[in-house]
Amino acid sequence: MIYQMNLRGLEEGFKEFYQHTLDGLLDQVPEDASISSSIRKVNKSYVGLLNIFSTGGRFVAKALGKSPQDTVNSLVKQIQEQIRAWHRTRFSNDEPMIWYHEDPGAPRKEALLG
């Protein structure tokens, strides 16, 4: 997993809290997921952006909060909703699966299964 975090104008212990929160989200997405995140203080508010990239899809959230924790809670809620939607559809029959013939003597063929 790759973390890229840009945190500006935040308390010293916030990074550990946020990383722990992100670890919980990564437990719900494919293993190859990587995170790009930004939270910064703008005047009296906190602006956040969270991107999770994986082979299973891309999950994106933007939030504005009165505190860093409010912003994180909003980001996490948005991402969790997207993850739930992804979980519901990832094994549906709506998407074709590709099957390769494994007989070493035969040429490789593709067949779409629905």
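Observations on the model:
- Here is the list for the range 1-70: GluC sites (Glu not before Pro) lying in DSSP coil, each with at most 13 other C-beta atoms within 10 angstrom of its C-beta, are 11, 12, 31.
- Remark: spin-label model distance residue 14-residue 80 equals 2.1 nm, labels positioned 7 Å along the Cα→Cβ axis.
Any read-out appearing in this document is the output of simple, stated calculations on the displayed coordinates, not a laboratory observation. Quick caveat: nothing in here was measured; it's all calculated off a predicted structure. All Cβ positions, even for glycine, are placed from backbone atoms using ideal geometry, and neighbour counts span all protein chains on display.
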